[in-house]
Amino acid sequence: AVFHVTDLNGNKLTDESVISYIEQSLETTDPDRSHGFDGLTALELTGTDRVGLLSEVFAVLADLQCNVVDAKVWTHNGRIASLIYVKDCNSGSPIEDSQQIDRIEARLRNVLKGDNDIRSAKTSVSMAVTHTERRLHQMMFADRDYDRKPILQHKVDLPVVTVQNWVERGYSVVNVQCKDRTKLLFDVVCTLTDMQYVVFHATINTTGDKAYQEFYIRHSDGTPISSEPERQRVIQCLQAAVERRAYEGVRLELCTVDRQALLADVTRTFRENGLNVTRAEISTTRDMALNVFYVTDAIGNLADPKTIEAVRQKIGLGKLK
């Protein structure tokens, strides 16, 4: 495999330490050793998305003395998936007491169910360290987010996915065309792999802000895609994989000294101002919290700039950019 890569600004890589880090990462057999989630308890949550849901989740965790060290939250087609890494507030160690774990799971499940969630809300505690974003794809796939109607129909730039069989060679040929962004290839390949397909050849091209990806795939038993429903499912699942990470809304970046219940307070302020969080990335380094939120109004449209300013005033203009 040959990859031509640039940095995030499209420039040639010149930093030797980055290049050697890439080389080492590609050589290692343990892809997760660098994630540093040892000593943390991983909470996996899926359910129906609604305004204020995250603020309730973080309030419950604060109440149960769980300190959130790292988290990623994705929403798609009215569903939410989140992987939250916590430790005990008081001892700083992972939460291993089975009664405490049961309590956390039960209270979070109640929050996720809301008033009218007929479909199951799921919560589970995992001690295994997985690649967070790969796991989020798997959780949303298991939740069948691809099967649901988008809440908003006015989305632009939807990914175009086609699937055809090349009968003579026994391949299925998958084409994905969409707006280019980082981690696009990762999202598509994770999904193909989790759907039990093997990629034999692939060509990736970008022109301006458009990406063109072509994959020659077979099932793990060597056969191509065999039916029209299966073909449609591949199209739906790959569109979902691209859309899950699409940036919707205003990006708010919070950088401040970490403290107990910080996330509960910040997300409560969002809720009180009618802002819905469509994606979140939470991280802490030593005693500093760096939290990124993408927010829209309650029905998924661009939030009113006055609302954003009011929220920044409340949380602190210097802290929330």
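The values are calculated or read from the model by the stated rules, or taken from the named source; none is laboratory data. Not measured: the values here are computed from a predicted model. Positions of Cβ are backbone-derived with ideal geometry, glycine not excepted, and every protein chain shown enters the neighbour counts. Each accessible area value is taken on the protein alone, full model and side chains, heavy atoms only, with ligands, DNA and RNA left out. Shrake-Rupley method; radii C 1.70, N 1.55, O 1.52, S 1.80 Å.
Gain on full extension, evaluated as 0.36 nm per residue between GLN24 and GLN196 minus their Cα-Cα distance, stands at 59.2 nm. Taking the inverse of the mean reciprocal distance over all distinct Cα pairs, the Kirkwood hydrodynamic radius of the chain comes to 21.4 Å.
In the chain, helices alone account for a calculated mean residue ellipticity at 222 nm of -9500 deg cm²/dmol, with every DSSP H run of four or more residues adding -39,500 (n - 2.57). Our coupling estimate for region 278-290, obtained by passing each phi through the Karplus curve with A = 6.51, B = -1.76, C = 1.60 and θ = phi - 60°, is 8, 8, 8, 9, 10, 8, 10, 10, 6, 10, 9, 9, 10 Hz, Gly and Pro reported as x.
Looking at region 40-107, which GluC sites (Glu not before Pro) are DSSP coil and have at most 11 other C-beta atoms within 10 Å of their C-beta? If you can, show how the numbers build up before the last one.
Working: sites: GLU44, GLU56, GLU96, GLU105; in loops: GLU96.
Those that pass, being in a loop and sparsely packed, are GLU96.
Here the dipole of region 160-244 is about 160 debye; that uses its Cα centre as origin and unit charges on the Cβ of Lys and Arg (positive) and Asp and Glu (negative). Site-free segments of the chain were taken between chymotrypsin sites (Phe, Trp or Tyr not before Pro) in DSSP loops having at most 12 other Cβ atoms within 10 Å, sites themselves excluded; the longest one is 4-246. Each of PRO305, TYR146, ASN67 was placed along the dipole of the chain (beta-carbon charges, centred on the mean Cα), and the one lying farthest toward the positive end is PRO305.
The calculated FRET efficiency for the pair GLU281 and GLU230, based on their C-beta separation and a Förster distance of 45 Å, comes to about 0.85. Our coupling estimate for region 198-204, obtained by passing each phi through the Karplus curve with A = 6.51, B = -1.76, C = 1.60 and θ = phi - 60°, is 10, 8, 9, 9, 8, 10, 10 Hz, Gly and Pro reported as x. Residues HIS131, HIS4, HIS76, ordered by accessible area of protein heavy atoms at a 1.4 angstrom probe radius and largest first, appear as HIS4, HIS131, HIS76. A simple rule links phi to the HN-Hα coupling: the Karplus curve 6.51 cos²θ - 1.76 cosθ + 1.60 with θ = phi - 60°, which for region 245-254 gives 9, 5, 7, 10, x, 8, 8, 10, 10, 9 Hz, with x for Gly and Pro.
In terms of its C-alpha gyration tensor, region 160-244 comes out prolate, because a/c is 1.5 or above and the ratio a/b outweighs b/c. Annotation for ASP38 and LYS149: the two label points, set 7 Å from Cα along the Cα-Cβ direction, are 5.0 nm apart.
A Gaussian network model of the chain, with springs between Cα atoms under 10 Å, assigns the largest mean-square fluctuation among ARG268, ARG233, ARG79 to ARG233.
Note on the chain: GNM, Cα springs under 10 Å; of VAL234, VAL242, VAL257, the largest mean-square fluctuation is that of VAL257. Computed about its Cα centre, the charge dipole of the chain is approximately 820 debye, with only Lys, Arg, Asp and Glu carrying charge at their Cβ. Within the same chain, lysines fewer than 8 places from LYS12 are excluded, and of the rest, those with a Cα less than 25 Å from its Cα are LYS179, LYS183, LYS210.
GNM on the chain, alpha-carbon springs under 10 angstrom: the most fluctuating residue among ALA298, ALA142, ALA289 is ALA142.
Its Cα centre serving as origin, region 198-278 has a Cβ charge dipole (Lys and Arg +1, Asp and Glu -1) of approximately 60 debye.
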